[in-house]
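Step one of this worksheet: look at the structure below.
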Amino acid sequence: MKHALLSAYRCRGPLYYVAATVLIGYAVVGHHLGGDIAAIARVAVAVALGVAVACVALTLIGPRLLPKHQPRLVLPPVRGRWLALNSPATKVPSHGVRAYGQAYAIDLCHDPVDRERPQFGGTALRRSDAYPGFGEPVYAMVDGVVVRVVAGLRDHRARSNLLGIALMMLEGVVREIGGPRFILGNHVVMETEDGAFAATAHLQRQSVTVRVGDRVRAGEMIGRCGNSGNSSEPHVHAQLMDRASPWTGQGLPISFAAIRVGDRAESIDGVPANQEHLDTTATPS
């Protein structure tokens, strides 16, 4: 029973997507249907409602059934000084949801001491190249084989005040229709020898330097920081999953090797909390 529930929990995203499509479709064209087609459509709507309710229930009970994992030690995907947002060191799920394998994901914004990062406020739609992170190299977190690459999505302007964030939330509804591809934007997924999957997302358009099937070493450059997908400003989104597909993958705890956090002089293995800085000066090459 537990295995069946876990399998259903993994598939809740695609199932909910299909159910929502049926319900929206009926709301748009249902009043034009008649005869046997209308009767079939009503049955489909009833089934879709049941599936949607079941998906919501699975979202609530599923996390209690997930196996516990120890954090996996990986190299950070960036170099230099970066500010942590939506960190699993502060809360889990770090992004508020477990969908798309994001339970332990972390966002990193480049915040060097010699170049100012634009503060929130002012114009609603700021150019991405106004941020120091835009175009910064992004590196493989693990040794592994590339199993997924998305590289052609555009980099949009940053959403840099409350009006911009409201716009991003509306855009997010549309992006959800497209699935993980349009949420993560340009991204690379790599499989490790022990079956974990490292995903690095929101990369700059056409900056990805690897292809599916490439064997890559941890620390090799795989792309550049961008602002593609569901992103408010240029940053690097990093996560580990237990499946290649963000549709069905569940998040795995992550720990960065040999980083300095905040003003501490010593290096540690771990992740910074929200609003703490990660510095990779001590990161091995």
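With respect to residue 232, determine if the residue is in contact with an Asp or Glu (Cβ under 7 Å, 6 or more places away or on another chain), part of a loop (DSSP other than H, G, I, E, B) and in contact (Cβ under 8 Å) with a residue 12 or more places away in the chain. Steps first, please.
Values: in contact with an Asp or Glu (Cβ under 7 Å, 6 or more places away or on another chain): no; part of a loop (DSSP other than H, G, I, E, B): yes; in contact (Cβ under 8 Å) with a residue 12 or more places away in the chain: yes.
Spelling it out, it is not the case that residue 232 is in contact with an Asp or Glu (Cβ under 7 Å, 6 or more places away or on another chain), part of a loop (DSSP other than H, G, I, E, B) and in contact (Cβ under 8 Å) with a residue 12 or more places away in the chain.
Give 251, 213 a once-over and let me know the one that is in the same structural domain as residue 181 (by TED's automatic domain parsing), touching a helix residue (DSSP H, G or I) at 6+ places or on another chain (Cβ under 7 Å) and either crowded, with 19+ Cβ neighbours inside 10 Å or in contact (Cβ under 8 Å) with a residue 60 or more places away in the chain (or both). Before you say what the answer is, go through the steps one by one.
Working: 213 fails: touching a helix residue (DSSP H, G or I) at 6+ places or on another chain (Cβ under 7 Å).
The unique qualifying residue is 251.
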For region 159-192, enumerate the residues that are in contact (Cβ under 8 Å) with a residue 60 or more places away in the chain and in contact with a strand residue (DSSP E or B) (Cβ under 8 Å, 6 or more places away or on another chain). 159, 160, 164, 165, 168, 184
Search result, residues across region 132-190 that are among the β-branched types (Val, Ile, Thr), more than 30 Å from residue 122 (Cβ to Cβ) and either surrounded by fewer than 19 Cβ atoms within 10 Å (Cβ to Cβ) or touching a Gly at 6+ places or on another chain (Cβ under 8 Å) (or both): 145, 146, 147, 150, 177, 188
Please verify whether residue 83 is modelled with pLDDT of 90 or more and outside any helix (DSSP H, G or I), treating the condition exactly as stated. yes
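For region 93-121, name all the residues that are at negative phi and among the aromatic types (Phe, Trp, Tyr).
Of region 93-121, the ones at negative phi are 93-95, 97-99, 102-120.
Hits for region 93-121 are 104, 120.
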Among the residues listed as 155, 107, the single one being modelled with pLDDT of 95 or more, acidic (Asp, Glu) and part of a strand (DSSP E or B): 107
Residue by residue through region 85-102, note down the ones that are out of contact with any Cys (no Cβ under 9 Å at 6 or more places or on another chain) and either under 14 Å from residue 272 (Cα atoms) or in the same structural domain as residue 9 (by TED's automatic domain parsing) (or both). 86, 87, 88, 89, 90, 91, 92, 94
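Only one residue in 83, 65, 60 is over 25 Å from residue 144 (Cα atoms), out of contact with any strand residue (DSSP E or B) (no Cβ under 9 Å at 6 or more places or on another chain) and in contact (Cβ under 8 Å) with a residue 24 or more places away in the chain. Which one? Steps first, answer last, please.
Details: 83 fails: out of contact with any strand residue (DSSP E or B) (no Cβ under 9 Å at 6 or more places or on another chain); 60 fails: in contact (Cβ under 8 Å) with a residue 24 or more places away in the chain.
Sole residue among the options that is over 25 Å from residue 144 (Cα atoms), out of contact with any strand residue (DSSP E or B) (no Cβ under 9 Å at 6 or more places or on another chain) and in contact (Cβ under 8 Å) with a residue 24 or more places away in the chain: 65.
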When residue 181 is evaluated against the numbered criteria (1) farther than 26 Å from residue 98 by Cβ; (2) not in a loop (DSSP other than H, G, I, E, B), which criterion, by number, is the only one it fails? (1)
Right, residue 131: in contact with an Asp or Glu (Cβ under 7 Å, 6 or more places away or on another chain), more than 20 Å from residue 197 (Cα to Cα) and among the aromatic types (Phe, Trp, Tyr) or not? yes
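Pick out the one residue from 114, 143, 107 that is without any contact (Cβ under 8 Å) to a residue 12 or more places away in the chain and of a type in the set (D, E, K, R).
Going through 114, 143, 107 in turn, just one is without any contact (Cβ under 8 Å) to a residue 12 or more places away in the chain and of a type in the set (D, E, K, R): 114.
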Residues in region 242-285 that are β-branched (Val, Ile, Thr), over 19 Å from the mean Cα position of the chain (by Cα) and assigned to a loop (DSSP other than H, G, I, E, B): how many? 3
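Test residue 45 against the criterion of being of a type outside the set (S, T, N, Q), loosely packed, with under 13 Cβ neighbours inside 10 Å, touching a Phe, Trp or Tyr at 6+ places or on another chain (Cβ under 9 Å) and at pLDDT 85 or above, and give yes or no. If you could, list the steps in order and put the result at the bottom.
Working: of a type outside the set (S, T, N, Q): yes; loosely packed, with under 13 Cβ neighbours inside 10 Å: no; touching a Phe, Trp or Tyr at 6+ places or on another chain (Cβ under 9 Å): yes; at pLDDT 85 or above: yes.
Taking the combined requirement at face value, the residue does not satisfy it.
Quick test for you: out of 78, 22, 74, 51, pick the one residue that is surrounded by 13 or more Cβ atoms within 10 Å (Cβ to Cβ), in contact with an Asp or Glu (Cβ under 8 Å, 6 or more places away or on another chain) and under 26 Å from residue 183 (Cβ atoms). Talk me through it step by step, then tell me what you get.
Details: 22 fails: in contact with an Asp or Glu (Cβ under 8 Å, 6 or more places away or on another chain); 74 fails: in contact with an Asp or Glu (Cβ under 8 Å, 6 or more places away or on another chain); 51 fails: in contact with an Asp or Glu (Cβ under 8 Å, 6 or more places away or on another chain).
Within the list 78, 22, 74, 51, the selection yields 78.
The values are calculated or read from the model by the stated rules, or taken from the named source; none is laboratory data. All of these numbers come straight from a predicted model, not from anything done at the bench. Cβ coordinates were reconstructed from backbone atoms using ideal geometry, including for glycine residues, and neighbour counts include every protein chain displayed.
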